[in-house]
Amino acid sequence: MNKKTVIFVSNSGPDKLVGGVVSLIKPLAKRFKAIWISASNDITNQATHEDEGVVLKKVSLSPQVYKSYYDDFCNRGLWTLCHHQNEEPLFRDSDFSAYVEVNQLFASEVIRCTEGIAEPIIFINDYQLALLPKLLRSALPHAKILFYWHIPWPGHGRLKACPWRTELIDGILGADNVGFQTNQDRDHFISAMPEGLDFEGATNLGVYPASIEWPVVKNSQQASMAESRAVIAKQYRLQASDYIFLSVDRVDCSKGIIERLHAIEKIVDLNPSIVKNMKFIQVYIQTRPSILKSREYESQITGLISRINHRHGSNDWQPIISERQALTKDQLSRLYRSVNCLWVSSLADGQNLICKEYIASRDDEDGVLMLSQHAGAAKELCDAVIYDPFNVRDAIDAFNQTISMGDAERKKRMISLRQHVRSNDVHLWMDQQLLDLCEEAPLVI
């Protein structure tokens with residue numbers, strides 16, 4: 001199978017530094033004779049080039065079309081629908097028209113790339129391209145089409161807010177195999193399928209929790225634990241006795257950053273005698289600067305961190321260290337290997353690969369994962385300290401459990417977490433979908 005040509009399709013390409021979909025496809029594309037098609041919002045960028053044996057192609061979109069398709073329909077519409085339960089999504093006819101246009105442009109590029117390939121395998125990723133499977137099914141009847149929905153699928157009541165929900169479902173069902181992160185997402189999708197919906201062929205619907213490549217870093221030059229901690233201690237002026245919490249998030253309401261900061265403020269209020277030996281490092285990365293709500297949310301985060309540090313800090317100590325720029329893999333690895341706990345507070349999340357990267361980095365078999373029950377990964381990573389980020393009391397209890405955990409329990413939990421992530425890496429994730437692609441008996445008829 002590794003010698004087969006696989007066409008990977010996603011909105012973002014390998015030039016994007018931050019993003020779960022990109023981090024998934026990168027190691028997979030190197031396994032195959034791969035073509036990777038993604039979008040460009042610069043109409044002059046039409047170059048095809050090769051990177052590490054992978055042929056990269058761009059679908060060129062004008063800035064106006066890209067904004068209507070991506071910023072408005074995909075993010076203010078679909079992303080909000082799937083993640084922000086207390087916010088109404090924005091759906092406009094003009095934005096859906098742009099979404100249709102972009103999916104058609106992707107279809108044309110995929111069709112061009114399949115010329116000369118008898119039975120192409122096409123792997124389409126995420127909510128930006130939900131119409132693409134059906135567009136390709138009619139044009140490429142001999143193709144094997146996989147589609148993966150990376151984010152939560154909304155409950156039926158919530159989904160009704162989208163006027164084009166039937167078109168999206170119909171488009172997705174053009175694939176031979178459709179993947180979801182959790183059983184709940186799959187169940188929500190099935191319950192949303194209109195009665196009597198006619199779709200060509202037979203579609204498998206499967207649950208395949210996304211994962212990472214193991215090991216994350218294969219370079220033998222990786223810094224030791226002691227070297228990593230020395231670099232981080234110097235960079236952030238940490239003491240050897242400090243208990244360090246780390247959070248790494250894109251700027252988005254669904255990540256629960258504000259809720260976590262309120263919990264930290266309450267913790268500092270309740271524990272004035274111990275918090276001087278603690279540090280909370282918050283990395284938050286703006287990936288959607290063109291969207292006003294994203295910029296406003298970033299300002300809220302910055303303002304709240306400033307208020308907490310001003311209220312509780314001093315000239316020589318502040319509880320929260322903020323980092324607002326995207327970090328390199330090496331920088332993130334040093335942080336993962338240096339902190340005592342990774343704190344993930346997602347309010348809604350397809351999977352959350354950050355927590356799996358953290359687990360894979362801990363070859364000292366130490367460290368604690370404090371994980372929101374609303375992250376898809378919580379269904380798998382049962383040895384994390386799992387809590388409800390909507391409940392401040394629950395967050396405080398999880399914090400107390402984390403800092404009081406003994407060495408033996410920490411080690412036992414981390415060994416179990418590492419074994420799970422190692423045994424369920426990104427290559428198994430892909431292989432399971434390819435295996436189900438070849439099954440004759442469909443899960444949904």
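Where a number appears in this text, it was derived from the coordinates with a stated rule and is not lab data. This is a predicted model, so every value here is computed, not measured. FYI the Cβ positions are ideal-geometry reconstructions off the backbone, even for glycines, and counts take in every protein chain you see.
If R0 equals 35 Å, the separation of the Cβ atoms of Glu409 and Lys266 corresponds to a calculated FRET efficiency of about 0.90.
Across the range 249-341, Cα-Cα pairs farther apart than 16 Å form 58% of the total.
Relative to the longest principal axis of the Cα atoms of the chain, helix 329-338 runs at roughly 40 degrees. Calculation over all alpha carbon pairs of the range 354-445 in 10 angstrom steps from 0 returns a P(r) of 15, 38, 26, 14, 7, 0 percent. Answer rounded, prolate or oblate for the range 225-423, using the Cα gyration tensor with square roots of eigenvalues a ≥ b ≥ c: rounded when a/c is under 1.5, else prolate when a/b is larger than b/c, else oblate. Rounded.
Taking only the C-alpha atoms of the range 50-131, the Rg (one decimal) and the largest Cα-Cα distance, Dmax (whole number), read 15.1, 49 Å. Considering only Asn315, Asn340, Asn86, the mean-square fluctuation computed in a Gaussian network model of the chain, springs between alpha carbons under 10 angstrom, is largest for Asn315. Which pairs in the list Lys160/Lys266; Lys266/Lys356; Lys160/Lys329; Lys67/Lys329; Lys234/Lys266; Lys30/Lys379 are over 32 Å apart, alpha-carbon to alpha-carbon? Correct reply: Lys160/Lys266; Lys160/Lys329.
As a proxy for reagent exposure, Ile396, Ile264 were ordered by neighbouring Cβ count within 10 angstrom, fewest first; the result is Ile396, Ile264.
Springs between Cα atoms under 10 Å define the GNM used for the chain, and in it the highest mean-square fluctuation of Leu270, Leu61, Leu347 occurs at Leu270.
The angle between the Cα long axis of helix 20-29 and the longest principal axis of the Cα atoms of the chain comes to about 60 degrees, rounded to the nearest 10.
Calculated [222 nm] ellipticity per residue, helices only, for the chain: -12000 deg cm²/dmol; basis is -39500 (n - 2.57) per DSSP H run with n ≥ 4, divided by all residues, nearest 500. Return the whole-Å distance between the Cα centroid of the range 353-425 and the Cα centroid of the range 227-281. Measuring centre to centre over Cα atoms gives 16 Å. Under the combined filter of DSSP loop state and at most 16 neighbouring Cβ atoms within 10 Å, the range 222-285 retains these trypsin sites (Lys or Arg not before Pro): Arg237. Extension gain for the segment His156 to Gln235, taken as residue separation times 0.36 nm less the Cα-Cα distance, is 23.6 nm to one decimal. With all pairs of separate Cα atoms included, the chain yields a Kirkwood hydrodynamic radius of 22.9 Å. With the simple spin-label model, which puts each label point 7 Å out from Cα in the Cβ direction, the Gln184 to Ser138 separation comes to 3.6 nm. Springs join every pair of Cα atoms under 10 Å in this Gaussian network model of the chain, and among Gly157, Gly206, Gly20 the largest mean-square fluctuation is at Gly157.
Note on Lys30 and Asp330: their simple-model spin labels are 1.7 nm apart, each label 7 Å out from Cα toward Cβ.
The label point for Glu52 and the one for Glu115, both projected 7 Å from the Cα toward the Cβ, are 2.9 nm apart. Each Lys or Arg adds one and each Asp or Glu takes one away; over the other residues whose Cβ falls under 15 Å from the Cβ of Ala130, this sums to -3. If the chain linking Gln419 and Ser290 were pulled fully straight, counting 0.36 nm for each residue of separation and taking away their Cα-Cα distance, it would gain 42.4 nm. How far, in degrees from 0 to 90, does helix 426-438 lean away from the longest principal axis of the Cα atoms of the chain, to the nearest 10? The angle comes out near 30 degrees. The ranking of Tyr66, Tyr99 by Cβ neighbour count inside 10 Å, starting from the fewest, reads Tyr66, Tyr99. From least to most packed, judged by other beta carbons within 10 angstrom and beginning with the fewest, Ile305, Ile354, Ile169 follow the order Ile169, Ile305, Ile354.
Putting +1 on Lys and Arg Cβ atoms and -1 on Asp and Glu Cβ atoms, find which of Trp79, Val231, Ile308 reaches farthest to the positive end of the dipole of the chain. So the residue we want is Val231. Summing Lys and Arg as +1 and Asp and Glu as -1 over all other residues whose Cβ lies under 9 Å from the Cβ of Glu109 gives a net charge of +3.
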